[in-house]
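Right, one structure below, let's go through it.
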Amino acid sequence: MLRVENLTKVYPNGTRALKNVSFEVKDGEFLAVIGLSGSGKSTLLRCINRLIEPTSGKVYWDERDVTAASAAEMRTIRRQIGMVFQQFNLVRRSSVMTNVLTGRLGYANTISSSLHLFSAADRRKAFVSLEQVGLEDKADVRADSLSGGQQQRVGIARALMQDPKLILADEPVASLDPVLAHSILKYLEQLNKAQGITVLCSLHFLDLVHRYASSAIALKDGELVFQGKPIEIDDARFKAIYGQEAERVTMM
Amino acid sequence: MTPSKQTLSAASNSFLFIILSLLIPGLGQFWLKRFGRGALIFLSALILGLLVNWSLVHQNIGKVTFGHLATSWLWLPFILFWIWNVLDARALAAGSPLRVSGGLVFAAIILYVVAWNVADVRMDRLIARFGDARTVATNLLNPDMITITINGQDGICAWNCLYTYLGDKLAGKPVPGPIRLSDNLLTIVGQIKSVPAPKWEIGLGLAAPAGRVNTFAAGTMLETIAMGLMATIFSTILAIPISFFAARNIMSHLPGGTAIYYVARGILNVVRAVDTIVWGLIVIVWVGLGAFAGVIALTIHSVAALGKLFSEEIEHIDPGPVEAVSATGANLLQTIRYAVFPQIVPSFLAYSLLRWDINMRSATVIGFVAGGGIGFFVVETVRMGGYQQYATALWAVAIVIIVVDYISEKWRESILKDQPPVEAGRKRAFHSRLRLAFYVILGVLAFVYCWNLSAISLRDLFSPGSNFGRLIKDFVSIDLSSNVLQPTIQQMLVTIFQALLATTLGALVALPFGFLAAKNLTGTSPLSVWLYYISRAVLNVLRSIEALLYVVIFIFWVGIGPFAGMLALAVTSFALIGKLFSEAIENIDTGPIEAINATGADRLQMIVYAILPQITPPFISYLLYQWDINVRMATIIGFAGGGGIGLTLTTYFGSLQYHKAGTVVAFIVIVVAVMDFASAKLRQVLI
């Protein structure tokens, strides 16, 4: 279970990206995080695995205090939490295989992994992960030769290598062609349903939230303004989250 | 087809390719349709073989004797390279090629062993003559800027003396003697002198006829600045029309234009391949020694370089507006004026500013051959062993070049970034017009002043020296007899290998420095911030001084010859690679770093998986680029005693053997052009 208590983030330039945010995510949930650009969604996800250091507040993961963890403890926590990024964040010049194997770095020995030596088990696992996202035949090509949708699937395979209990997905479909959005989210849904991996996913489109998420939270200017079932977001709530001028749009 | 048959045919096939590659390196690869790989292997084997043979016959490099048989042990790595090529053909036939690093290692062994010997590397001298080096270093660290007079005797007041003097002065204690700016510093910067009154002052009644007036006489550094500025202005003006002749998209509209295009491009490439300093040697035959010769030499080279950049810029313009303007029925000139010009002005200005930076650097050394400017001053002071005077010149050069570098970069940035749209119909405010007028007047005055300072004389320009006709005639009749060809080839190889060693040495030192000078990697602790600033400062100061000026120091340490030249080039390579490398690190994509950190990787793993893959290709590309630059620089390093082809060239020029000098220049053009082409192609493959 993930519990966030009074999380606040103030950037050095004075921007208050998160204000006292508290919520809980039960194991096996698919939680959508919604809100406008700049509402603090990315900051929230990055504070959970401390890619960004929160200013105050607590994050508990399986009753361990993430915010108080040392660098060595952080390594063991992070390797249970996979992350998928809007810009995929693959090492573009490296092969797909190498990119997927980097998901194993948190488990691997520093010296041998620095020399690109991975165990046979890790390599088999990488193939299995690639098979799960349907890219086993692309293992040896360079990451930047893939299309955007394929790159994001490599990103998911990389996260799978971590044997994650939780996946943080930061706008995983925002840089993709709308027709590919469902294919990526279906992979996440499948991991959530079949393997019981908890998913925290920030999303732009409300219809995607309705279709995939089991619960949702909404941020506005860094504050938590909604928490509940996606179905409960009616017109009034929608205006409260997105502002009075916003219109509902459907994707596909 | 059954599996067994398939393996059988694969095996027999791979046997064929093994035989092919065994007979001629690269042939097997070529047969397997890996044309680039095959050609590269074949060329490498050919060059390496010739090199091993040449260095054994002419230089006794790697010579070993077995009884009566004398041979080179370098044939061993050559054979290993051959074997690697055969194994590669076999692996290719089976589907996956071998790693390139194997072949590279054997090639590198041969190259570096030959380089080490022909560049006359004598590590013992570095140590044995360390005492001499320390003397020079002490002199260099104590420049002659302040003169102190003690008991009527003038002496140099360096940092120590100055510190004591100021301490005494502030404490109110008696000082050893009065101090003033030294004559040396005044020669460099400028001073007030009494000169015969110029005509216009007499005419205006400001001075008595045949009287004397006090006026500011510019120093050698100011002269250098004027030379760089004039050359940049002239070359920009001249390069603009020329660049249109060398732009394919413009010329293809004209009848016979494509032919003109090829001729123009060819001339630009040849002129560009000859270094400014070499042009200096030719120009002095025409207009005689002096600042004017320097300006012409800088202008010639600069026109060619700018002409190429400008024409490429013209070729890369957006064809849309050109199409639209032509569609209205506009003729060629109108199309250029309304569709081409607006697109190219900012980048032309940016290139001119870049060229200004380069011209200023060249202007500091053109005096070595052409006279005028600080280069001439350096030659004279060093000849008299005045290292403390030389040190002042170095500091002056460093300051001026760093300032020029900074201004040029800032202006380029502000020109190339998107300009805010000017509101239509709004009149310029009065004060901004006034300011503009002020700048224009200032610019004109500066131009006139620099014109005078760099001794530009149109009369000299149109009355070539008596030897010039002979020079042209001899230059074209290239002498290919063996007594010219032999030393030329030998010195050319020395030059290339000097450049190779200098690049390698510079890069090895630059590697750690590049990390220290990258802002995104140095942490936020005070120590690392200091390290960052110090690394950046060291790189900038070293980079501001031309290799020719370093040679002077190194010949005192390790003696005249290619080793000194190599060390000088290594210093400049270090500075440039360090800068480029740190910028490459600063420009990496942070996304992968974030992603790798999120997997729970530690710092070393993050560097190996997120940073190294991103910086390795640009780093190798910078090495190739630097080697290319160093070959150019190495062709002139001999003018200051750094060995190589430059020495041969000055000898021929000095003894008026222009037909031999012509041969050498032709060789330089060919080698530089080949290096330029090869490094550009290789870099394309890498990126």
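Every number in this text was worked out from the coordinates using simple rules, so none of it is lab data. Everything numeric in this text was worked out from a predicted model, so none of it was measured. Note: ideal-geometry Cβ built from the backbone for every residue, glycine included; neighbour counts use all protein chains shown.
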*asked:* I'd like the FRET efficiency for B:Val444 and B:Ile489, computed as 1/(1 + (r/R0)^6) with the beta carbon distance as r and R0 of 56 Å, rounded to 0.05.
replied: 0.65
*20 Å reach of a label modelled at A:Asp207, 7 Å along Cα-to-Cβ, counting backbone N of region A:164-180*: A:171-180
*For an R0 of 60 angstrom, estimate the FRET efficiency from the Cβ-Cβ distance between A:Arg142 and B:Val175 and round to the nearest 0.05.*
0.25
*Three-way shape label, region B:333-372, alpha-carbon gyration tensor, a/c 1.5*: prolate
_Run the reach check for B:Lys417 against lysines, Cα to Cα strictly under 26 Å, same-chain hits fewer than 8 apart removed. What comes back?_
B:Lys308, B:Lys427, B:Lys519, B:Lys579
*Excluding residues fewer than 8 places away in the same chain, name every one of the lysines whose C-alpha is closer than 24 Å to that of A:Lys138.*
A:Lys125, A:Lys186, B:Lys33
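Against the globular-protein guess of 2.2 N^0.38 Å, express the Cα radius of gyration of chain A as a ratio, rounded to two decimals.
Numbers: Rg = 18.2 Å, N = 252, 2.2 N^0.38 = 18.0 Å.
So the Cα radius of gyration is 1.01 times the expected 2.2 N^0.38 Å.
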*Using the per-residue mean of other Cβ atoms lying within 10 Å as a proxy for protection, in what order, highest first, do the peptides A:9-21, B:638-650, B:531-543 fall?*
B:638-650, B:531-543, A:9-21
_No partner Cβ under 4.7 angstrom, meaning no disulfide-compatible partner by this rule: which Cys of chain B qualify?_
B:Cys450
*Write down, largest first, the equivalent ellipsoid semi-axes of region A:149-219 in whole Å, where each equals the square root of 5 times an eigenvalue of the alpha-carbon gyration tensor.*
18, 16, 11
*Can you tell me the relative contact order of chain B? Whole percent, Cα pairs under 8 Å, sequence separation 6 or more.*
13 percent
*According to a simple spin-label model (label point 7 Å from Cα along Cα-to-Cβ), what is the distance in nm between B:Leu22 and A:Ala240?*
8.3 nm
*Once you have the Cα-Cα distance between B:Thr651 and B:Trp54, take 0.36 nm times their residue separation minus that, and quote the gain in nm to one decimal.*
212.5 nm
*asked:* Bins of 10 Å, beginning at zero and ending with the bin holding the largest distance: percent of Cα pairs per bin for region B:439-583, please.
replied: 10, 21, 19, 26, 18, 5, 1
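What percentage of all Cα-Cα pairs in region B:347-424 are separated by more than 16 Å?
60 percent
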_Give me the one-decimal nm value for the distance between modelled label points at B:Trp200 and B:His68, 7 Å along each residue's Cα-to-Cβ direction._
8.5 nm
_Restricting everything to alpha-carbon atoms, can you work out Rg to Rh for region A:5-135 with a Kirkwood hydrodynamic radius?_
1.01
*By its C-alpha gyration tensor, with a ≥ b ≥ c as the square roots of the eigenvalues, how is chain B shaped: rounded for a/c under 1.5, else prolate for a/b larger than b/c, else oblate?*
prolate
*Fewest Cβ neighbours within 10 Å first, please rank A:Asp62, A:Asp122, A:Asp140 accordingly.*
A:Asp140, A:Asp62, A:Asp122
*Pairing the Cα long axis of helix B:75-93 with the longest principal axis of chain B, what angle in degrees results, from 0 to 90 and rounded to the nearest 10?*
60 degrees
_Inter-probe distance in nm under a simple model that places probes 7 Å from Cα toward Cβ, at B:Lys193 and B:Leu126_ = 4.4 nm
*Hey, what's the Cα Rg ratio for region A:79-211 versus the globular rule of thumb, 2.2 N^0.38 Å?*
1.01
_If you consider only alpha-carbon coordinates, what radius of gyration and Dmax does the protein assembly as shown have, in Å?_
34.4, 111
*Other chains' Cβ within 10 Å of A:107-117 residues: what's the mean?*
3
*Per-q log10 I(q)/I(0), region B:536-687, q = 0.17 Å⁻¹ (Debye; single scatterer per alpha-carbon; no solvent)*: -1.01
*For A:Tyr212, B:Tyr112, B:Tyr390, B:Tyr550, what's the fewest-to-most ordering of other Cβ within 10 Å of each Cβ?*
B:Tyr112, A:Tyr212, B:Tyr550, B:Tyr390
*So who's got an amide H within less than 5 Å of the one on B:Leu98, skipping anything under 5 residues away but keeping other chains? H placed 1.01 Å off N, in plane.*
B:Leu92
_In whole Hz and in residue order, list the ³J(HN,Hα) couplings for region B:197-210 that follow from phi through the Karplus curve 6.51 cos²θ - 1.76 cosθ + 1.60, θ = phi - 60°; x for Gly and Pro._
4, x, 4, 5, 6, 5, x, 7, x, 7, 9, 6, x, 6
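For B:Gln684 and A:Glu53, FRET efficiency with R0 = 41 Å and r from the beta-carbon atoms, rounded to 0.05? If you can, show how the numbers build up before the last one.
On the way: r = 42 Å, r/R0 = 1.03.
Plugging the Cβ-Cβ distance into 1/(1 + (r/R0)^6) gives 0.45.
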_Enclosed volume per residue, in Å³, of the convex hull spanned by Cα atoms of region B:166-257_ = 242 Å³
*Taking one equal scatterer on every alpha-carbon of region B:300-374, how large is log10 of I(q)/I(0) by Debye at q = 0.26 1/Å?*
-1.13
